[in-house]
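Enquirer: Before I ask anything, here is the structure I am working with.
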Amino acid sequence: MSVAKGSQSGIGGERGAHYCSAATERKSVICYTCPTNLRRKRGTMSEDQENQQREAWFTLSGDVNSDMVHRVFEATSHMTEDGIDTAHVLVQSNGGYVSDGLCLYNFMANSPINFITYNGGAVASIAVILFLAGRQRFASETARFMIHKSHATASTGSRPDALNIIVEGLRADDNRTESILRKHIELSAEQWGIHQYGDLHLTAREAKAAGLVTEVADFAPPRGAPLRNI
């Protein structure tokens, strides 16, 4: 292989390209069989692949409980090991335990992973708090949200002191969840009134107006993107 003397750049002035006899015969601008250009080409491919791997798509469904907490912890650990920066998560849940939902909210909202949450069907009760951990949040046109206060069922024959403990616990849970709701969303006085004594149902459009979702849009992983279930 011989490099043409006096050439600082290849045909067309592309800096860093050079001539060789093989490239001249093929009428190529750049010889990609030469080590210099091979390294350049391989470096570009690896950078493109790395950028694609920094974003991933997940589904998360079921009751909000200690099992879900464990699954999210483990999945996030793998994300950090894999160098994932952004995780798109489709949430489908009718709720569960308040303490577990609060744990997931605090963990995900402060995670080094940028969580983007989606509602493709139903997100209700404490799952709404989990959903709010997304730095961006989306809902399908036909998706629904339901927000209500905490509730519990006392066992038959419970003594007054036991009932007082239950009531105090429910009030504490309501204070914690409502502080998160008020941090993220703005409801009308009428909607807060419904929430005070019953179930508040929101369509995707109503959720957008309240700031619960960033935009009405579907969870749509790009073709070829890996999709994993948490």
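Enquirer: Please tell me if ASP199 is at pLDDT below 90, within 24 Å of GLN92 (Cβ to Cβ), surrounded by 12 or more Cβ atoms within 10 Å (Cβ to Cβ) and out of contact with any strand residue (DSSP E or B) (no Cβ under 6 Å at 6 or more places or on another chain).
Expert: It is false that ASP199 is at pLDDT below 90, within 24 Å of GLN92 (Cβ to Cβ), surrounded by 12 or more Cβ atoms within 10 Å (Cβ to Cβ) and out of contact with any strand residue (DSSP E or B) (no Cβ under 6 Å at 6 or more places or on another chain).
Enquirer: Give the range 172-184 a look and list any residue that's over 15 Å from SER125 (Cβ atoms) and either of a type in the set (Phe, Trp, Tyr) or at pLDDT 65 or above (or both), or say none.
Expert: Those that are over 15 Å from SER125 (Cβ atoms) and either of a type in the set (Phe, Trp, Tyr) or at pLDDT 65 or above (or both): ASN175, SER179, ARG182, LYS183, HIS184.
Enquirer: Here is a check on your reading of the model: is ASP161 in contact with a His (Cβ under 9 Å, 6 or more places away or on another chain), acidic (Asp, Glu), modelled with pLDDT under 90 and surrounded by fewer than 18 Cβ atoms within 10 Å (Cβ to Cβ)?
Expert: no
Enquirer: Let me ask something else. Cβ-Cβ below 8 Å, separation at least six or inter-chain, first residue in the range 71-83 and in a helix (DSSP H, G or I), second of a type in the set (Val, Ile, Thr): which pairs?
Expert: What qualifies is ARG71/ILE230; VAL72/ILE230; ALA75/ILE230; THR76/ILE113; MET79/ILE113; THR80/ILE113.
Enquirer: May I ask you to list the residues in the range 116-127 that are in a strand (DSSP E or B) and crowded, with 22+ Cβ neighbours inside 10 Å?
Expert: Those that are in a strand (DSSP E or B) and crowded, with 22+ Cβ neighbours inside 10 Å: THR117, TYR118, ASN119, VAL123.
Enquirer: Show the residue pairs that are 6+ apart or on different chains and have beta-carbon atoms under 8 Å apart, the first residue being within the range 178-193 and farther than 18 Å from LYS208 by Cβ, the second being of a type in the set (A, V, I, L, M, F, W, C).
Expert: Matching pairs, first to second residue: ILE180/LEU102; ILE180/ILE129; ILE180/LEU132.
Enquirer: Inside the range 84-107, can you point out the residues that are at pLDDT below 95 and part of a helix (DSSP H, G or I)?
Expert: VAL98, SER99, listed by residue number.
Enquirer: I would also like to ask the following. Within the range 202-216, which residues are loosely packed, with under 15 Cβ neighbours inside 10 Å and in a loop (DSSP other than H, G, I, E, B)?
Expert: GLY211 - this is the single residue of the range 202-216 that is loosely packed, with under 15 Cβ neighbours inside 10 Å and in a loop (DSSP other than H, G, I, E, B).
The values are calculated or read from the model by the stated rules, or taken from the named source; none is laboratory data. Quick caveat, the model's predicted, so the values are computed rather than measured. Counting neighbours? That spans all protein chains shown, and the Cβs are built from the backbone with ideal geometry, glycine included.
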